[in-house]
Amino acid sequence: MVLSRDRFDDPSEYSEKYQIRVRDLKKSFRGQMVLKGINLDLERGKINIIIGGSGHGKSVTMKHLMGLMKPDEGHIFVDGVDITALSEYELNSIRMKFGMVFQYAALFDSMTVFENVAFPLVEHSSLSKSEIADKVYETLKAVGLPDIGHKYPNELSGGMRKRVGLARAIIINPEVIFYDEPTTGLDPVATKHVDDMIASINSELGVTSVVISHDMASTFRIAHRIAMLYQGRIIEVGTPEEFRNTTVPEAREFLEVSGVSV
Ligand SMILES: Nc1ncnc2c1ncn2[C@@H]1O[C@H](COP(=O)(O)OP(=O)(O)O)[C@@H](O)[C@H]1O
Ligand SMILES: [Mg+2]
């Protein structure tokens, strides 16, 4: 398999196929190199899953994609724009394209579900209170939670909290949604529920989805494209079918220890 098929394209040109393109991304912390030259193309409108074991640099990679961290070297192009070269001010407008669903669905515990979901609009839009309220109820309905606006996060199950986090991410109509380990800590039924939600939001809203996961079963259930991060490098990338047939030893081992039938 060719790791970066379109390596020789100019990634600073707008590409219909790839919304986000990463080139030679490097990052060290206190002398320890965590990202050792990441090359990766993420397909527009598709579910792109980055898999890998704990500590291999998945969350650090995602923070760079979202413009929350600056690399030591390398470039990230979003629709042809190199976001590593932008000022904080310029980044803010790019970030309006992004919705984020963090690990552990970091909701504000002191706010109701309604207030949590409304938060991005209160902060970043000029909509009126009643327009915001309409949008919040519409979005909660879209994630299958129509009647819980008045509740507090600690009154909800883990799966429901994840879906509230998802509602908060999609309320700004993002073009790209980032999910960092969205099913961590959920039982198999709740995991499937969140997976189904990611898939239906992807197809209904036509967004680009970028998901970090260490769960191979979930990954094979919903991914259009899988990339494996191993010790700070992308060692394999392809469709689920291509991935099942990988000959890269570390990727094969990951499949085998995950217990996915291959
Ligand atoms: N802000 C930071 N400062 C220092 N080290 C960090 C920071 N963020 C991550 N690291 C280190 O980078 C490595 C990769 O972390 P991470 O991307 O969170 O892994 P994972 O693949 O589990 O998401 C780890 O060794 C982690 O300790
Ligand atoms: Mg992580």
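Restricting to the chain, compute how many DSSP beta bridges are antiparallel as a %, nearest 5.
55 percent
I212's amide H: which non-local residues (gap 5+, or another chain) put their own amide H closer than 5 Å, with H modeled 1.01 Å from N in plane and none for Pro or chain starts?
I50, Y179, D180, E181
With 10 angstrom as the radius, rank L25, L127, L107, L121 by how many other C-beta atoms surround their C-beta, starting from the fewest.
Details: L25 25, L127 14, L107 22, L121 19.
Placing the least packed residue first, the sequence is L127, L121, L107, L25.
Roughly how many debye, to the nearest 20, is the charge dipole of the range 134-230 about its Cα centre, given +1 on each Lys and Arg Cβ, -1 on each Asp and Glu Cβ, and no other charges? Please list the in-between numbers first.
On the way: 10 positive and 12 negative charges, 6 e Å.
In debye, rounded to 20, the range 134-230 gives about 20.
K135: net charge of surrounding residues, Cβ under 15 Å, Lys/Arg +1, Asp/Glu -1, itself excluded?
Numbers: positive: K129, K141, R168; negative: E115, E123, E131, D134, E138.
Taking every Cβ under 15 Å from that of K135, the sum is -2.
For a footprinting-style exposure proxy, rank K26, K135, K141 by other Cβ within 10 Å, fewest first. Don't skip to the end; give the middle numbers.
Values: K26 15, K135 18, K141 12.
Going from least to most buried by this count: K141, K26, K135.
Whose amide H sits under 5 Å from the amide H of E73, counting only residues 5 or more places off or on another chain, with H placed in the peptide plane?
The answer is K26.
As I understand it, the dipole of the range 83-196 uses +1 on the Cβ of Lys and Arg and -1 on the Cβ of Asp and Glu, about the Cα centre. Which of L156, N173, P146 lies farthest toward its positive end?
Final value for the positive-end residue is P146.
For the chain, calculate the relative contact order in percent as a whole number, restricting contacts to Cα pairs under 8 Å that are 6 or more residues apart.
Relative contact order, the chain: 26 percent.
What do you get for chymotrypsin sites (Phe, Trp or Tyr not before Pro) in the range 108-165 restricted to DSSP loop and a cutoff of at most 16 other Cβ within 10 Å of the site's Cβ? Intermediate values should be presented prior to the final figure.
Working: sites: F108, F114, Y137; in loops: F108.
Sites meeting the loop and neighbour criteria: F108.
So the label point goes 7 Å from the Cα of D187 along Cα→C-beta, right? Which residues of the range 142-177 then have their backbone N under 14 Å from it?
Zone members listed by number: 157-160.
Would you mind checking which residues have amide H under 5 Å from K97's amide H? H placed 1.01 Å from N; only 5 or more apart, or other chain.
none
Identify, among S126, P11, A217, the residue whose Cα sits farthest towards the positive end of the charge dipole of the chain, taking +1 on the Cβ of Lys and Arg and -1 on the Cβ of Asp and Glu, with the dipole about the Cα centre.
It is A217, whose Cα lies furthest towards the positive end.
Short version: ³J(HN,Hα) in whole Hz for each residue of the range 152-159, in order, from phi by Karplus 6.51 cos²θ - 1.76 cosθ + 1.60 (θ = phi - 60°), x for Gly and Pro, what are they?
After applying 6.51 cos²θ - 1.76 cosθ + 1.60, I find 9, x, 6, 8, 10, 6, x, x Hz.
Counting alpha carbon pairs within less than 8 Å and at least 6 residues apart, what relative contact order, in whole percent, applies to the range 1-133?
It comes to 23 percent, rounded to a whole number.
Give, rounded to the nearest 20 debye, the magnitude of the charge dipole that the chain has about its Cα centre when Lys and Arg contribute +1 at Cβ and Asp and Glu contribute -1 at Cβ.
Here the size comes out at about 360 debye.
Roughly how many Å is it from the Cα centre of the range 200-224 to that of the range 48-119, as a whole number?
16 Å
Karplus couplings for the range 29-45 from phi (6.51 cos²θ - 1.76 cosθ + 1.60, θ = phi - 60°), rounded to Hz, Gly and Pro as x?
Computed from phi, the couplings for the range 29-45 are 10, 6, x, 9, 7, 9, 10, 10, x, 7, 10, 7, 10, 10, 7, 4, x Hz.
Sum up the charges of everything whose Cβ sits under 12 Å from the Cβ of E73, counting Lys and Arg as +1 and Asp and Glu as -1, but leave E73 out.
Details: positive: R23, K26, K27, K36, K70; negative: D24, D72.
Combined, the nearby Lys, Arg, Asp and Glu give +3.
What list do you get for V122, V136, V34 if you sort them by fewest beta carbons within 10 Å?
Ascending Cβ contact count within 10 Å gives the list V122, V34, V136.
Which is the longest stretch in the chain that no exposed loop site breaks, taking sites as GluC sites (Glu not before Pro) with a DSSP loop state and at most 16 other Cβ atoms within 10 Å?
So the longest stretch without any such site is 17-262.
Could you name the lysines whose alpha carbon sits less than 22 Å from that of K70, not counting residues in the same chain fewer than 8 places away?
Result set, ordered by chain and number: K26, K27, K36, K58, K97.
Please provide three numbers in whole Å: the alpha-carbon extents of the range 132-244 along the principal axes, with the largest listed first.
46, 28, 24
Using only DSSP helix segments of four residues or longer, with each worth -39500 (n - 2.57), what per-residue ellipticity at 222 nm results for the chain after dividing by its residue count and rounding to 500?
-10500 deg cm²/dmol
Given +1 on the Cβ of Lys and Arg, -1 on the Cβ of Asp and Glu, and no further charges, what dipole in debye does the range 49-190 carry about its Cα centre, rounded to the nearest 20?
Roughly 300 debye, rounded to the nearest 20.
Could you compute Rg(Cα) / (2.2 N^0.38 Å) for the chain, with N its residue count?
1.01
Given the convex hull over the Cα atoms of the range 1-146, what projected area results after averaging over all orientations, in nm²?
Numbers: hull surface 46.4 nm².
Value for the range 1-146: 11.6 nm².
Every number here is computed from the coordinates shown, using simple stated rules; none is lab data. Values in this document were obtained by computation on a predicted structure and should not be read as measured data. Glycine gets a Cβ as well: all are built from the backbone with ideal geometry, and neighbour counts include every protein chain shown.
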